[in-house]
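Step one of this worksheet: look at the structure below.
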Amino acid sequence: MNNNPIGVFDSGMGGLSVWLRVRQLMPNESIVYLADGKNCPYGDRTPDEIASLTKRAVEELLARGVKIVVVACNTATAMAIDMLRESFDVEFVGMEPAVKPAALSSQSGVIGIVATHAALSGELFRATSAKYADRVKILSAVGEGFVEIVEQGAEHTPEARKVVAEVIEPMLASGADRIVLGCTHYPFLMDAIESVVGERQVEIIDPAPAVARRVEWLLERDGLRADEQHRASYEFLSFADEEYRQKVEQRAKCLVGEK
Ligand code: DGL
(Lines give C-alpha, C1' and ligand atoms only; values in the text may rest on other atoms or scores of the structure.)
Protein backbone atom coordinates (compact mmCIF):
# COMPACT_ATOMS: atom_id res chain seq x y z
CA MET A 1 0.00 0.00 0.00
CA ASN A 2 1.22 3.49 -0.83
CA ASN A 3 -0.64 6.79 -0.35
CA ASN A 4 1.82 8.85 -2.39
CA PRO A 5 0.32 10.67 -5.37
CA ILE A 6 0.15 9.62 -9.01
CA GLY A 7 2.06 12.10 -11.22
CA VAL A 8 0.42 13.24 -14.45
CA PHE A 9 2.23 15.43 -16.96
CA ASP A 10 1.33 17.25 -20.17
CA SER A 11 2.64 20.21 -22.16
CA GLY A 12 -0.50 22.05 -21.05
CA MET A 13 -4.13 21.46 -20.13
CA GLY A 14 -4.82 18.56 -22.51
CA GLY A 15 -3.63 15.92 -20.07
CA LEU A 16 -6.55 16.86 -17.83
CA SER A 17 -8.57 14.56 -20.11
CA VAL A 18 -6.43 11.74 -18.70
CA TRP A 19 -6.33 13.20 -15.17
CA LEU A 20 -10.14 13.03 -15.16
CA ARG A 21 -10.23 9.33 -16.10
CA VAL A 22 -7.57 8.45 -13.54
CA ARG A 23 -9.47 10.33 -10.86
CA GLN A 24 -12.82 8.74 -11.78
CA LEU A 25 -11.37 5.23 -11.81
CA MET A 26 -9.39 5.60 -8.56
CA PRO A 27 -11.12 8.19 -6.36
CA ASN A 28 -8.92 7.39 -3.37
CA GLU A 29 -5.65 8.19 -5.21
CA SER A 30 -4.04 11.62 -4.85
CA ILE A 31 -2.80 13.15 -8.09
CA VAL A 32 -0.20 15.82 -8.85
CA TYR A 33 -0.82 17.30 -12.29
CA LEU A 34 1.99 19.22 -13.97
CA ALA A 35 1.08 21.35 -16.99
CA ASP A 36 4.22 22.81 -18.49
CA GLY A 37 2.28 25.74 -19.98
CA LYS A 38 5.41 27.79 -20.55
CA ASN A 39 6.67 25.76 -23.53
CA CYS A 40 3.33 24.58 -24.92
CA PRO A 41 2.68 23.53 -27.66
CA TYR A 42 5.27 20.79 -27.90
CA GLY A 43 3.96 19.49 -31.22
CA ASP A 44 6.18 21.61 -33.46
CA ARG A 45 9.32 21.35 -31.33
CA THR A 46 12.33 19.20 -32.14
CA PRO A 47 12.65 15.70 -30.64
CA ASP A 48 15.56 16.87 -28.46
CA GLU A 49 13.64 19.83 -27.07
CA ILE A 50 10.61 17.65 -26.28
CA ALA A 51 12.79 15.04 -24.60
CA SER A 52 14.57 17.55 -22.40
CA LEU A 53 11.36 19.38 -21.41
CA THR A 54 9.76 16.06 -20.56
CA LYS A 55 12.74 14.97 -18.48
CA ARG A 56 12.60 18.18 -16.49
CA ALA A 57 8.89 17.68 -15.86
CA VAL A 58 9.45 14.14 -14.64
CA GLU A 59 12.17 15.33 -12.25
CA GLU A 60 9.73 17.87 -10.84
CA LEU A 61 7.08 15.21 -10.29
CA LEU A 62 9.54 12.80 -8.70
CA ALA A 63 10.62 15.55 -6.32
CA ARG A 64 6.98 15.55 -5.14
CA GLY A 65 7.23 11.85 -4.32
CA VAL A 66 4.96 10.48 -7.03
CA LYS A 67 4.75 6.67 -7.17
CA ILE A 68 4.08 6.39 -10.92
CA VAL A 69 4.27 8.86 -13.80
CA VAL A 70 1.61 9.20 -16.47
CA VAL A 71 2.96 10.96 -19.53
CA ALA A 72 -0.45 12.31 -20.55
CA CYS A 73 0.90 13.71 -23.78
CA ASN A 74 1.17 11.72 -27.00
CA THR A 75 3.92 14.01 -28.26
CA ALA A 76 6.11 13.60 -25.17
CA THR A 77 5.44 9.85 -25.16
CA ALA A 78 6.44 9.53 -28.80
CA MET A 79 9.65 11.50 -28.32
CA ALA A 80 10.76 10.55 -24.82
CA ILE A 81 9.21 7.46 -23.25
CA ASP A 82 12.15 5.13 -23.98
CA MET A 83 14.65 7.64 -22.60
CA LEU A 84 12.49 8.15 -19.48
CA ARG A 85 12.29 4.42 -18.82
CA GLU A 86 16.07 4.17 -19.10
CA SER A 87 16.73 7.25 -16.95
CA PHE A 88 14.38 6.87 -13.98
CA ASP A 89 13.55 4.11 -11.57
CA VAL A 90 9.79 4.53 -11.61
CA GLU A 91 6.98 3.06 -13.70
CA PHE A 92 5.79 5.17 -16.66
CA VAL A 93 2.50 5.00 -18.50
CA GLY A 94 2.47 6.77 -21.85
CA MET A 95 -0.15 7.53 -24.47
CA GLU A 96 -0.42 4.94 -27.24
CA PRO A 97 -2.05 5.98 -30.48
CA ALA A 98 -5.32 3.98 -30.33
CA VAL A 99 -4.91 2.59 -33.85
CA LYS A 100 -5.59 -0.98 -32.71
CA PRO A 101 -9.18 -0.60 -31.45
CA ALA A 102 -9.98 1.61 -34.42
CA ALA A 103 -8.53 -0.84 -36.94
CA LEU A 104 -10.22 -3.85 -35.35
CA SER A 105 -13.67 -2.27 -35.22
CA SER A 106 -13.76 -0.30 -38.48
CA GLN A 107 -16.46 -1.43 -40.90
CA SER A 108 -15.40 0.80 -43.76
CA GLY A 109 -11.73 -0.22 -43.65
CA VAL A 110 -10.65 3.40 -43.37
CA ILE A 111 -9.61 5.05 -40.11
CA GLY A 112 -8.34 8.54 -39.37
CA ILE A 113 -5.85 9.61 -36.75
CA VAL A 114 -5.35 13.20 -35.72
CA ALA A 115 -2.26 14.14 -33.70
CA THR A 116 0.55 16.68 -33.52
CA HIS A 117 3.26 16.88 -36.12
CA ALA A 118 5.86 15.45 -33.71
CA ALA A 119 3.67 12.56 -32.57
CA LEU A 120 2.89 11.54 -36.16
CA SER A 121 6.54 11.66 -37.14
CA GLY A 122 7.62 9.42 -34.22
CA GLU A 123 8.57 5.77 -34.38
CA LEU A 124 5.68 4.81 -32.08
CA PHE A 125 3.08 5.93 -34.61
CA ARG A 126 5.00 4.40 -37.50
CA ALA A 127 5.30 1.01 -35.78
CA THR A 128 1.68 0.96 -34.55
CA SER A 129 0.34 1.87 -37.99
CA ALA A 130 2.53 -0.68 -39.75
CA LYS A 131 0.92 -3.45 -37.67
CA TYR A 132 -2.55 -2.68 -39.04
CA ALA A 133 -1.64 -1.40 -42.50
CA ASP A 134 -2.79 -4.60 -44.20
CA ARG A 135 -6.14 -4.46 -42.44
CA VAL A 136 -7.20 -0.82 -42.84
CA LYS A 137 -6.23 2.30 -44.67
CA ILE A 138 -4.89 4.80 -42.13
CA LEU A 139 -5.33 8.49 -42.84
CA SER A 140 -3.29 10.78 -40.61
CA ALA A 141 -3.52 14.53 -40.18
CA VAL A 142 -2.06 17.16 -37.89
CA GLY A 143 -4.70 18.87 -35.75
CA GLU A 144 -3.51 22.26 -36.91
CA GLY A 145 -4.57 24.88 -34.33
CA PHE A 146 -6.39 22.40 -32.07
CA VAL A 147 -4.00 22.69 -29.11
CA GLU A 148 -4.03 26.49 -29.19
CA ILE A 149 -7.84 26.56 -29.17
CA VAL A 150 -7.99 24.28 -26.16
CA GLU A 151 -5.31 26.26 -24.29
CA GLN A 152 -7.34 29.42 -24.89
CA GLY A 153 -10.51 27.74 -23.64
CA ALA A 154 -12.12 28.55 -27.00
CA GLU A 155 -13.35 25.06 -27.85
CA HIS A 156 -17.04 26.00 -27.92
CA THR A 157 -16.70 28.77 -30.49
CA PRO A 158 -17.60 28.80 -34.21
CA GLU A 159 -13.87 29.20 -34.91
CA ALA A 160 -13.19 25.89 -33.15
CA ARG A 161 -15.76 24.11 -35.28
CA LYS A 162 -14.23 25.61 -38.42
CA VAL A 163 -10.67 24.56 -37.51
CA VAL A 164 -11.85 21.05 -36.63
CA ALA A 165 -13.91 20.73 -39.83
CA GLU A 166 -10.87 21.53 -41.96
CA VAL A 167 -9.06 18.48 -40.59
CA ILE A 168 -11.91 16.03 -40.00
CA GLU A 169 -14.07 16.58 -43.08
CA PRO A 170 -11.51 15.28 -45.59
CA MET A 171 -11.18 12.10 -43.50
CA LEU A 172 -14.93 11.59 -43.48
CA ALA A 173 -15.08 12.28 -47.21
CA SER A 174 -12.51 9.50 -47.71
CA GLY A 175 -14.74 7.04 -45.84
CA ALA A 176 -13.18 7.00 -42.35
CA ASP A 177 -15.61 5.54 -39.80
CA ARG A 178 -13.21 5.74 -36.85
CA ILE A 179 -11.33 8.88 -35.79
CA VAL A 180 -8.53 8.35 -33.29
CA LEU A 181 -7.67 11.28 -31.05
CA GLY A 182 -3.88 11.12 -30.91
CA CYS A 183 -3.34 14.12 -28.66
CA THR A 184 -4.70 14.57 -25.15
CA HIS A 185 -5.89 18.10 -25.91
CA TYR A 186 -8.32 16.87 -28.55
CA PRO A 187 -11.04 15.30 -26.35
CA PHE A 188 -11.80 18.86 -25.25
CA LEU A 189 -12.93 19.45 -28.83
CA MET A 190 -15.35 16.51 -28.75
CA ASP A 191 -18.44 18.71 -29.20
CA ALA A 192 -16.94 20.40 -32.25
CA ILE A 193 -15.83 17.04 -33.69
CA GLU A 194 -19.25 15.49 -33.10
CA SER A 195 -20.94 18.41 -34.74
CA VAL A 196 -18.74 17.98 -37.83
CA VAL A 197 -19.44 14.23 -37.88
CA GLY A 198 -23.19 14.88 -37.62
CA GLU A 199 -25.42 11.88 -38.35
CA ARG A 200 -22.67 9.72 -39.83
CA GLN A 201 -21.88 6.41 -38.13
CA VAL A 202 -18.42 7.42 -37.01
CA GLU A 203 -16.83 6.57 -33.68
CA ILE A 204 -14.36 8.96 -32.06
CA ILE A 205 -11.74 7.08 -30.06
CA ASP A 206 -10.13 8.64 -26.99
CA PRO A 207 -7.47 6.40 -25.42
CA ALA A 208 -7.68 8.08 -21.97
CA PRO A 209 -9.93 5.46 -20.28
CA ALA A 210 -7.58 2.67 -21.38
CA VAL A 211 -4.60 4.62 -20.03
CA ALA A 212 -6.32 5.03 -16.66
CA ARG A 213 -6.98 1.27 -16.53
CA ARG A 214 -3.32 0.61 -17.27
CA VAL A 215 -2.30 2.87 -14.36
CA GLU A 216 -4.64 0.98 -12.05
CA TRP A 217 -3.31 -2.38 -13.26
CA LEU A 218 0.32 -1.38 -12.66
CA LEU A 219 -0.39 0.02 -9.19
CA GLU A 220 -2.22 -3.19 -8.26
CA ARG A 221 0.57 -5.33 -9.64
CA ASP A 222 3.23 -3.44 -7.70
CA GLY A 223 1.25 -3.21 -4.45
CA LEU A 224 1.14 0.58 -4.73
CA ARG A 225 -2.60 1.28 -4.43
CA ALA A 226 -3.59 3.81 -1.77
CA ASP A 227 -5.49 2.78 1.32
CA GLU A 228 -9.22 2.40 0.53
CA GLN A 229 -10.02 5.04 3.17
CA HIS A 230 -7.38 7.45 1.88
CA ARG A 231 -8.74 10.95 1.23
CA ALA A 232 -7.37 11.97 -2.15
CA SER A 233 -5.85 15.41 -2.72
CA TYR A 234 -5.29 17.10 -6.08
CA GLU A 235 -2.39 19.40 -6.71
CA PHE A 236 -1.68 21.44 -9.85
CA LEU A 237 1.75 22.67 -10.90
CA SER A 238 3.03 24.58 -13.89
CA PHE A 239 6.25 25.97 -15.35
CA ALA A 240 4.25 29.00 -16.51
CA ASP A 241 3.00 31.75 -14.18
CA GLU A 242 0.56 31.48 -11.28
CA GLU A 243 -2.29 32.76 -13.43
CA TYR A 244 -1.87 29.84 -15.82
CA ARG A 245 -1.57 27.35 -12.95
CA GLN A 246 -4.85 28.62 -11.54
CA LYS A 247 -6.52 28.25 -14.93
CA VAL A 248 -5.45 24.61 -15.04
CA GLU A 249 -6.83 24.02 -11.55
CA GLN A 250 -10.07 25.80 -12.43
CA ARG A 251 -10.48 23.73 -15.55
CA ALA A 252 -9.94 20.53 -13.62
CA LYS A 253 -12.63 21.61 -11.13
CA CYS A 254 -15.01 22.29 -14.02
CA LEU A 255 -14.42 18.79 -15.34
CA VAL A 256 -15.59 17.27 -12.06
CA GLY A 257 -18.44 19.75 -11.64
CA GLU A 258 -16.85 21.64 -8.75
CA LYS A 259 -16.92 25.05 -10.37
N1 DGL B 1 -1.30 17.16 -25.31
C2 DGL B 1 -0.29 16.92 -26.26
C3 DGL B 1 -0.30 15.60 -26.92
O4 DGL B 1 -0.95 14.72 -26.43
C5 DGL B 1 0.65 17.94 -26.63
C6 DGL B 1 0.21 18.94 -27.60
C7 DGL B 1 1.30 19.96 -27.82
O8 DGL B 1 1.82 20.48 -26.84
O9 DGL B 1 1.56 20.22 -28.98
O10 DGL B 1 0.35 15.39 -27.90
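The values are calculated or read from the model by the stated rules, or taken from the named source; none is laboratory data. Just so it is clear, the model here is predicted, and its values are computed rather than measured. Cβ sites come from the backbone with ideal geometry, for glycine too, and all protein chains shown count toward neighbours. Calculation scope for accessible area: heavy atoms of the full protein, side chains included, ligands and nucleic acids excluded. Shrake-Rupley method; radii C 1.70, N 1.55, O 1.52, S 1.80 Å.
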Among the lysines, which fall within straight-line cross-link reach of Lys55, defined as a Cα-Cα distance under 25 Å, with same-chain neighbours fewer than 8 residues apart omitted?
Lys38, Lys67, Lys247
Low-density loop GluC sites (Glu not before Pro), the range 192-259, at most 16 other Cβ within 10 Å, DSSP non-H/G/I/E/B, are Glu199, Glu228, Glu258
Averaged over all viewing directions, the convex hull of the alpha carbons in the range 68-222 casts a projected area in nm² of 9.5
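Return the tail of the calculated pair distribution for the chain, meaning the percent of Cα-Cα pairs more than 31 Å apart. Walk me through the intermediate numbers first.
Numbers: 7252 of 33411 pairs.
Looking at the chain, the distances longer than 31 Å represent 22 percent of pairs.
Over the chain, with the other protein chains present, what is the accessible area per residue in square angstrom, probe 1.4 angstrom?
Values: 11800 Å² over 259 residues.
Value for the chain: 46 Å² per residue.
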Take every Cα pair under 8 Å in the chain that's 6+ residues apart, average their separations, divide by the length, and report that relative contact order as a whole percent.
29
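Order the following by accessible area, largest value first: His117, His230, His185. Probe radius 1.4 Å; ligands, DNA and RNA are ignored. Walk me through the intermediate numbers first.
Values: His117 105, His230 45, His185 5 Å².
Largest accessible area first, the residues go His117, His230, His185.
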Principal axes of the range 11-124: Cα extent on each, largest first, Å:
48, 36, 26
Alpha carbon centre of the range 39-77 versus the range 83-138: separation in Å?
19
Once amide H atoms are placed 1.01 Å from N in the peptide plane, what residues at a sequence separation of 5 or more from Leu139, or on another chain, have their amide H within under 5 Å of its amide H?
Ile111, Gly112, Ile113
Computed P(r) (all Cα pairs; the range 143-252; 5 Å bins; percent):
2, 10, 16, 16, 16, 13, 11, 9, 6, 1, 0
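Is the shape of the range 1-73 best called rounded, prolate or oblate, per the rule: a/c under 1.5 gives rounded, else a/b larger than b/c gives prolate, else oblate, with a ≥ b ≥ c the square roots of the Cα gyration tensor eigenvalues? Could you put the intermediate results ahead of the total?
On the way: a/c = 2.90, a/b = 1.65, b/c = 1.76.
The shape class here is oblate.
Considering the convex hull of the alpha carbon atoms of the range 82-133, report its projected area averaged over all viewing directions, in nm², one decimal.
Working: hull surface 17.5 nm².
Quarter of the Cα hull surface area: 4.4 nm².
Which of rounded, prolate or oblate describes the range 123-187 when judged by the alpha-carbon gyration tensor and an a/c cut-off of 1.5? Intermediate results must be reported in sequence, preceding the final value.
Working: a/c = 3.27, a/b = 1.72, b/c = 1.91.
Note, shape of the range 123-187 comes out oblate.
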Excluding same-chain residues fewer than 8 positions from Lys131, which lysines have a Cα within less than 27 Å of its Cα?
Lys100
Given backbone amide H placed at 1.01 Å from N, residues whose amide H is under 5 Å from that of Leu237, ignoring those fewer than 5 places away on the same chain, are Tyr33, Leu34, Ala35
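Based on DSSP H runs of at least 4 residues, each adding -39500 (n - 2.57), what is the mean residue ellipticity at 222 nm of the chain after dividing by all its residues, to the nearest 500 deg cm²/dmol?
Values: 11 runs with 122 residues, N = 259.
Calculated from helices alone, the mean residue ellipticity at 222 nm is -14500 deg cm²/dmol.
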